[in-house]
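Enquirer: For reference, the structure I am asking about is given below.
The values are calculated or read from the model by the stated rules, or taken from the named source; none is laboratory data. For clarity, every value in this text was computed on a predicted model and none was experimentally measured. When we count neighbours, we look across all protein chains shown, and the Cβ atoms used for this are built from the backbone with ideal geometry, even at glycine. The accessibility values were calculated without ligands, DNA or RNA, using every heavy atom of the protein model including side chains. Shrake-Rupley method; radii C 1.70, N 1.55, O 1.52, S 1.80 Å.
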Amino acid sequence: MTDLNFSKASRTIKAFGTYAADKQLEQLTINRRTTEPHDVEIEILYCGICHSDLHAIRNEWGGTTYPIVPGHEIVGKVTRVGGRVTKFKVGDLVGVGCIVDSCRHCDACAGGEEQFCEQGWTVVFNYPDKISGGMTYGGFSETIVVDEHYVLHVPEKLDLPSAAPILCAGITVYSPLKHWQAGAGKRVGIIGLGGLGHMAVKIAKAMGATVVVFSTSAGKAEDAKRLGADEVVISKDAAQMRKTPKLDMILDTVSGKHDVNQYLNLLKTDGSLVLVGLPVEPLPVGAFSLVNGRRSFSGSNIGGILETQEVLDFCAKHNITAEIELINIRDVNTAFERMGKGDVHYRFVIDMKSL
Ligand code: NAP
Ligand code: ZN
Ligand code: ZN
């Protein structure tokens, strides 16, 4: 595929993506710019599969431009650096998450929170590419070229394939857990034991919190405990929900429609229900769920570049990686189907050698 909107010197590489919401992913070719002075070129070794990739390829949120090449939990090796790159050298193990560009001078960018850039930040896939023209293409591809500011060091100590999900799932739960001060003496609930949820259990536990998992799947109870949960509540069981002691904070990682009021009612006074899941349907909130106990319903979106480095280092320190099923890229359509049915234990990661 030749992208006529592409404005930079480029080379053609292999990728995996789809031409329509109802089509399977297949091999295609895309253009990648050659390295600019501040760019790092990365050979992609592993790429995780996040539920946001599924929402996007199926155009569930609207606004998807086809063809789309998903993938935003990227780890690999530096193969080339531009003349002005200072933080990376050829051979370094690196990661790229959701953010590949931002304005760099608004208050959010200056404060290290590029995810809230007032000019809008560039998503690694399916987003207008200010540098090269056309759209960005994600990590289901051979290589990626990214300004060094948005590239992370992956600590050597981490197992590379199972570290990939830290680049989205990890930072997305770490940022709110830190912001709302999950830690010793706090009861923290995690709703949904999927890719984000299972990382949240491990990270909240490492922060010292008492962790309560809310799952719709009775079959995941044992896993939740093994991953570090102190308590598991099967959310479909009204009696279990009723007798759950109140919580300081609940992190909601659910990808589909669900009733948030039953969780708001489990919060202590001044407690917060923090949404990171991105269901397509709006989630109705009853006034009494909030006014009783002065509760908050809030949200959080991935995390900035500095904080993404912080979570990678935190995971290395606490020996945290994702529980993964390593797959061949030819099995990616089956993986998305299984993800749609909630059958993921607990993150698919693609071995990119199979591309
Ligand atoms: P995932 O691996 O598919 O896990 C989602 C989990 O939610 C499922 O395993 C299931 O857990 C639960 N669930 C799914 N549908 C449900 C429903 N209708 N009612 C109740 N529970 C349900 O997905 P993920 O990759 O962790 O992503 C989760 C969500 O976060 C997605 O919407 C994704 O787009 C979003 N996301 C947001 C950000 C951000 O920055 N805000 C970043 C990444 C992802 P149980 O079986 O335990 O119930
Ligand atoms: Zn993601
Ligand atoms: Zn900005």
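Enquirer: Quick one: give the max-minus-min coordinate of the C-alpha atoms of segment 242-355 along each principal axis, largest first, in Å.
Expert: Here the spans come out as 54, 34, 28 Å, largest first.
Enquirer: Here is a further query. Near Gly208, within a Cβ-to-Cβ distance under 13 Å, what is the net charge of the other residues, with Lys and Arg +1 and Asp and Glu -1? Walk me through the numbers before you get to the answer.
Expert: On the way: positive: Lys178, Lys186, Arg187, Lys202, Lys205; negative: Asp230, Asp248.
Result for the neighbourhood of Gly208: +3.
Enquirer: Give me the 1.4 Å probe accessible area per residue for segment 66-173, excluding ligands and nucleic acids, in Å².
Expert: Values: 3760 Å² over 108 residues.
That works out to 35 Å² for each residue.
Enquirer: Could you look at the chain and say what percent of its accessible area is carbon and sulfur, using a 1.4 Å probe and all protein chains? Display every interim value, and only then the final one.
Expert: On the way: 7330 of 14610 Å².
Accessible surface attributable to carbon and sulfur in the chain totals 50 percent.
Enquirer: Here's another thing I want to ask about it. Starting from the amide H of Leu247, placed 1.01 Å from N in the peptide plane, find each other amide H under 5 Å away whose residue is 5 or more places distant or on another chain.
Expert: Those qualifying (amide H under 5 Å, at least 5 residues apart or on another chain) are Leu267, Lys268.
Enquirer: By a straight-distance test (C-alpha under 18 Å), which lysines pair with Lys14 as possible cross-link partners, with residues fewer than eight away in the same chain excluded?
Expert: Lys77, Lys353
Enquirer: Related question: Counting Lys +1, Arg +1, Asp -1, Glu -1, what net charge surrounds Glu231 among other residues with beta carbon under 15 Å of its beta carbon?
Expert: Working: positive: Lys186, Arg187, Lys205, Lys220, Lys225, Arg226, Arg242, Lys243, Lys246; negative: Glu222, Asp223, Asp230, Asp237, Asp248.
Surrounding charge for Glu231 is +4.
Enquirer: Another question, if that's okay. Could you rank Trp180, Trp121 by how accessible they are, 1.4 Å probe, largest area first? If you can, show how the numbers build up before the last one.
Expert: On the way: Trp180 70, Trp121 40 Å².
Listed by decreasing accessible area, they come as Trp180, Trp121.
Enquirer: Counting Lys +1, Arg +1, Asp -1, Glu -1, what net charge surrounds Asp92 among other residues with beta carbon under 13 Å of its beta carbon?
Expert: Values: positive: Lys77, Arg80, Lys87, Lys89; negative: Glu41, Glu43, Glu148, Glu156.
Result for the local shell: 0.
Enquirer: Now, a different point. Say the cut-off is 21 Å between C-alpha atoms; which of Lys225/Lys246; Lys236/Lys257; Lys205/Lys341; Lys236/Lys341; Lys87/Lys178 go over it?
Expert: Working: Lys225/Lys246 19 Å; Lys236/Lys257 14 Å; Lys205/Lys341 27 Å; Lys236/Lys341 17 Å; Lys87/Lys178 26 Å.
In this structure, Lys205/Lys341; Lys87/Lys178 exceed 21 Å between Cα atoms.
Enquirer: Measuring with a 1.4 Å probe in the full set of protein chains, what accessible area per residue, in whole Å², belongs to segment 257-315?
Expert: Heavy-atom SASA per residue in segment 257-315 reads 47 Å².
Enquirer: Give the lysines reachable from Lys130 as a straight Cα distance under 16 Å; neighbours fewer than 8 places away on the same chain don't count.
Expert: Leaving aside lysines fewer than 8 places away in the same chain, those within reach of Lys130 are Lys8.
Enquirer: Tell me the accessible surface of Arg104 in square angstrom (1.4 angstrom probe, heavy atoms of protein chains only), to the nearest ten.
Expert: Estimated to the nearest 10 Å², Arg104 gives 110 Å².
Enquirer: Still on this structure, I have one more. Which angle between 0 and 90 degrees, to the nearest 10, do you get for helix 195-206 versus the longest principal axis of the chain when only C-alpha atoms count?
Expert: Orientation of helix 195-206: about 70 degrees from the principal axis.
Enquirer: Follow-up. Got a number for the accessible area of Lys246? Probe 1.4 Å, square angstrom, nearest 10.
Expert: In the full protein context, Lys246 sits at about 90 Å².
Enquirer: Which number comes out as Rg/Rh for the chain once both Rg and the Kirkwood Rh are worked out on C-alpha atoms? Show your work: numbers first, answer last.
Expert: Details: Rg = 20.0 Å, Rh = 20.6 Å.
Reported Rg/Rh (Cα atoms, Kirkwood Rh): 0.97.
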